[in-house]
Amino acid sequence: MPQRHRDPWVMRSVLDQHIRMVTLAFHQDAYAAYSTEKCVPYKWWKGGVHWDGAAFNNTKTIQPETWGPAYHTFDLDKNPWSLQQHGKKTPIQPQYKGYFLQNNQLTFQYIISLENAGQISVFEQPDVVFSKSGKVSFTQEFRLENVPPDVLIFYGDQELPAKIQAEFDILPDQPAPERLFTDNQALLWLDKSGCNTCHEADEKTVGPGYRQIADAYDEDTEALTKLIQKVRSGGSGVWGPAAMPSHPGLAENDLKTMIRYVLSLQNKPDQQASKIKSPQSNNTPEVLPTPGFGAPVAGLHPALDLHPIRPQSFKPRVGGLDFLPDGSLLVTTWDSIGAVYRLQGIASGDTNQVRITRMASGLAEPLGLKVVDGEVYVLQKQELTQLIDHDTDGVADEYRAICNSFDASADFHEFSYGLVYKDGYFYAALGLAMRLMQHEEQLQDRGTLIKISKDGTYEQVISGLRQNNGIGLGPEGGIFLTENQGNWVPACKVIHVQPGAFHGCLMNTGRRYDGHVMSQPALWLPQDEIGNSPSQPVLIPQGPYAGQMLHGEVTHGGIKRVFLEKINGNWQGCVFRFTQGLEAGINRLVFGPDGALYAGGVGMNGNWAWNNAQYGLQRLTFNGKTAFEILAVRMISGGAEIEFTDRKSVV
């Protein structure tokens, strides 16, 4: 079995601003990356990847980026695939269907659909081979299945099946460069607007380096105004004969953000630009507003008992929770591993008896998980994936792509949230891109809830959403979402999903929602009093609060309780602070087969955490005690009816 350079050595992510990429860390001298959109390699190189980003190292605004010299970089706009039938050769675009991962060997699977509704399966196994003469060969070995006798498949000029090999001298060692970053959108926008095509940070290439520009305008008090005009108008002659194209479509505020960043790069000891080394968390305790009119809920609810279930060495930033039929708990992690873990023995009460197996890894920010009839499905940032354990050793052998056709971009904040399965469909919420320039528009599927069939087709269900980090089933089997406050959303919400509804967020959506009327949510969550970053809702199946819902809270912390009643066909109700006393802000909830509630925590530095806690996994059980509190508030003619948990205590 070949040794690989890192664990995991297969990683899904955005890479170099390309979406739906797979990085293969074969060896310290040989990396490869593939585009699953085009079913082709993107680059062969020596070096590595800056694994930067919110999930990877707590760094916002940026995404992973390759570093090091390239053996070969491919043009993703050139399609090498073609099909020949009846003597006629035509271009084709295979569809990516996932990969098999066994014995440290990866095999991609693609599907070619034929006009007669047949399908050809293509399997590609990439690898590297080193020679004693100091050379490295990148290989692509192809095999085919279900090929009609009158059809030929070509990759470039090579008829398949075949083994294609490209040999190179091993490139010299090169240290990983430091990567510039900024906590605003400046670097991202410099790249998106095309500026980075001709400008680098330090060296003059087609145009001057950004630091050269900053130094040249060091003493110029009108530098910002002058540079805005230069970028808008374009021109040449100041730094050489190369012409800078004009950028009349860039908004002034966007230009100011980019140019202020460039001017901050002056070569002075106190320069404002930062470099990524090892971002540190802010350890200053967060001061939270006092909720409501009473004291904040600080401890565990009296009706609950808390049980630890994770060993101290297991520190999951939980992205998803669900149970297998045998009672073992599956946990996905929003971190640099992108893993699915299987936990057995969690009800023992002894963390030393909990057995943890890593079922899968290398997933791209998996924020959704669902077990359907024993089958495991994970919602990655840009794909719904089924994990299959063919040899039943507890580790996934196949990562099967179910749906990877919904709109996605390279924006770091464009998350995909899930996962609910109902009546043969998966439901997933697609968050908006949050770092767009003013002239850019959201992709059509972003800010919507979609439903996905097992054959991979999907359709939009509701629209006008922002960031719905929570989806679950509620009363009467309805689907409910939690919405996070921000642009166009004045406060967090709990939304009952009604097909065709529009929920009001118009951030960079152009005119697509002209004429739409905003639907009201089931609940508004008063900002900072009880809601800040609501997460997954779950229906309480039994006990004193049966039929109500709970939802987690990432930054306000704890778990909230929701009472709903249906009035004239619409759900409405109220929300209560239910419990704190947990080890992290709560991202995912699930009731287990033992009737206990399992709570998974998540967080990162800055304001994406509760009390700076970044991980957690705990088990909660109802202990039979009655806590005196409001159980429900119902609207009646002329007023409201308030029901308490203990009628005897009401005076």
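The values are calculated or read from the model by the stated rules, or taken from the named source; none is laboratory data. Since we're looking at a predicted model, the values are computed, not measured. Glycine gets a Cβ as well: all are built from the backbone with ideal geometry, and neighbour counts include every protein chain shown. What goes into the accessible areas is simple: the full protein's heavy atoms, side chains included, and nothing from ligands, DNA or RNA. Shrake-Rupley method; radii C 1.70, N 1.55, O 1.52, S 1.80 Å.
Packing around the peptides 94-105, 122-133, taken as the average count of other Cβ atoms within 10 Å per residue, puts them in this order, highest first: 94-105, 122-133.
Against the longest principal axis of the chain, how steep is helix 223-233, in degrees 0 to 90 to the nearest 10, with axes from Cα atoms? The two axes meet at around 70 degrees. Atom-type composition of the exposed protein surface of the stretch 1-160 places 45 percent of the accessible area on carbon and sulfur (1.4 angstrom probe). Reported to the nearest whole Å, the Cα centre-to-centre distance from the stretch 421-453 to the stretch 92-139 is 30.
Local charge for Val602 was computed over the other residues whose Cβ lies under 10 Å away, with Lys and Arg +1 and Asp and Glu -1, and equals +1. Each peptide in 522-535, 139-152 receives the mean, over its residues, of other Cβ atoms within 10 Å, and ordering these scores from highest gives 522-535, 139-152. Centre-to-centre separation between the Cα atoms of the stretch 535-569 and those of the stretch 1-70: 40 Å.
Of the listed residues Arg647, Arg577, the order by accessible area with a 1.4 Å probe, largest first, is Arg647, Arg577.
In the context of the full set of protein chains, residues of the chain present 44 Å² of accessible surface per residue (probe radius 1.4 Å, heavy atoms only). Taking all protein chains together and a 1.4 Å probe, the residues Trp239, Trp51 rank Trp239, Trp51 from largest to smallest accessible area. Only protein atoms count toward the accessible area here, which uses a 1.4 Å probe; on the stretch 411-515, the carbon and sulfur part of that area reaches 46 percent. Each stretch of four or more DSSP H residues adds -39500 (n - 2.57); spread over every residue of the chain, this sum gives -1500 deg cm²/dmol at 222 nm.
Relative to the longest principal axis of the Cα atoms of the chain, helix 252-263 runs at roughly 70 degrees.
Ordering of 106-116, 256-266, 407-417 by packing is 407-417, 256-266, 106-116, highest average first (other Cβ atoms within 10 Å, averaged per residue). Only Cα pairs under 8 Å and 6+ residues apart enter the sum, and on that basis the relative contact order of the chain stands at 9 percent.
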